[in-house]
Amino acid sequence: MSNDVLGSIMAQYEKNKSTSTGKNFEEKDFSKYFNPRLEDGTKNGETTIRLMPTKDGASPFEEGYFHVMQVNGQWRKLYCKEHNDGETCPLCEVEKALKATGNEEDKKIAKTYKASKFYMVRVIDRSKEEDGIKIWRFRHNFKGEGELDKMIPLFTKKGNICDAREGRDLVLMLGRGDKNNTKITSIMAEDSSMLTKDKAKATAWMKDEMTWKEVYKASPTEYLEIIANGESPVWDKNLKKFVAKGEEVSKKEGTTSAKYVAPDVEDSDVEDDEMPF
C-alpha cells in the first residue's frame, strides 16, 4: 500500500476525530450521487461499492460543509459558500448575528444555522456500474460511530483498498434506525481484486475527473437569503427566480403578498434526504 495514501487518510481522520466542532440548480443528474437506501418494507440489506483511487497519495475522502435545515417541511443539505469557497453565506451570517446577541435562546437557535462537516468520496456502485462515477456524501460523526470510522480499520488492516489493481470492494450492511431510517450498520471488505476487467469501463472511470462540487452545487443566493430570513422559498415561474412563499406574483392582478414563516429549530440529526442539495 502507498504510505502516502494511508498517511493522508489517517492524518485527516485523527484531525477530525479530535475536533469538537454541469447542471443548473433546477436540473440534477440523480445518477451521480450514491445514497444507500433500503426498500420500503425491508428491515435489512446490503450494497457493494468500490472507492475510486486518488492521485498523488491524497485521501479519497474530501471534506465539505453543508447546512442541514428544514425547507418547506423537508430536510435539506445546503451548500455552505463560506466554509467551502470563502464567500459570504447568508445562513452563516444569521448564525453569527444570533451568537452576537449574547442571548442564550438566540445561541440555541444559532446552532440550527451552523454548517456541518461532511465527507465526499468518488465511488462505483457495483449494482449500477453503467452510471459510472458517483459521489457518496456522509456526515462526520463526532462520536466516532460514522461511516469513515467503520472504514478506517479496513485501511489499516487490508492496505490501500482504493488501489485500482489490488484494492477491495466494500459491502455496506444496511439496517433500520430508531426512526425507521436506513443506517449503515457495518462495512466489510471483499477479497483483493481489480477495479474492473472491462477496458472501456476502466478508461472511462479513470479519465472521469468529476468533483463533488459538480454534483452538490451551491443553491442560488436568493434561495439561501429567503431561508436565512426564516421564510420558505418557492419558484416563481413569472419572475423566473425563487421568492418567499406568499410573495408569488399573481398572474391576473400582478400583486404580491408577504407571508412570514418562523424558522424551524428542531434537532437536525435525522436521516439524510435523497436530494443532492
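The values are calculated or read from the model by the stated rules, or taken from the named source; none is laboratory data. Everything numeric in this text was worked out from a predicted model, so none of it was measured. In this analysis, Cβ positions are derived from the backbone assuming ideal geometry, glycine residues included, and neighbour counts consider all displayed protein chains. The accessibility values were calculated without ligands, DNA or RNA, using every heavy atom of the protein model including side chains. Shrake-Rupley method; radii C 1.70, N 1.55, O 1.52, S 1.80 Å.
Table for the structure above
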| item | result |
| --- | --- |
| Over 23 Å (Cα to Cα) - which of Lys99/Lys240; Lys43/Lys77; Lys150/Lys217; Lys108/Lys143; Lys32/Lys245 fall in this group | Lys99/Lys240; Lys43/Lys77; Lys150/Lys217; Lys32/Lys245 |
| Per-pair calculated FRET efficiency, R0 = 35 Å: Ser116 and Asp40 via Cβ, rounded to 0.05 | 0.80 |
| Per-pair calculated FRET efficiency, R0 = 22 Å: Ala11 and Lys183 via Cβ, rounded to 0.05 | 0.20 |
| Heavy-atom accessible area ranking, 1.4 Å probe, most first, across Phe242, Phe66 | Phe242, Phe66 |
| Theoretical FRET efficiency, 1/(1+(r/R0)^6), r = Cβ-Cβ of Phe142 and Asn72, R0 22 Å, to 0.05 | 0.15 |
| Cα lying deepest toward the dipole's positive end in the range 92-205, options Met188, Thr101, Leu174, charges on Cβ | Thr101 |
| Global geometry of the range 129-206, whether rounded, prolate or oblate, following the gyration tensor of its Cα atoms and the 1.5 cut on a/c | prolate |
| Distance in nm between pseudo-label sites at Lys241 and Asp56 (7 Å out along the Cβ direction from Cα) | 3.8 nm |
| Segment Lys128-Glu63, extension gain: residue separation times 0.36 nm, minus the distance between their alpha carbons | 20.9 nm |
| Computed accessible area, Ile124, all protein chains, 1.4 angstrom probe, square angstrom | 0 Å² |
| Label-reachable residues, the range 64-78, where backbone N falls under 17 Å from a point 7 Å from Asn103's Cα toward its Cβ | none |
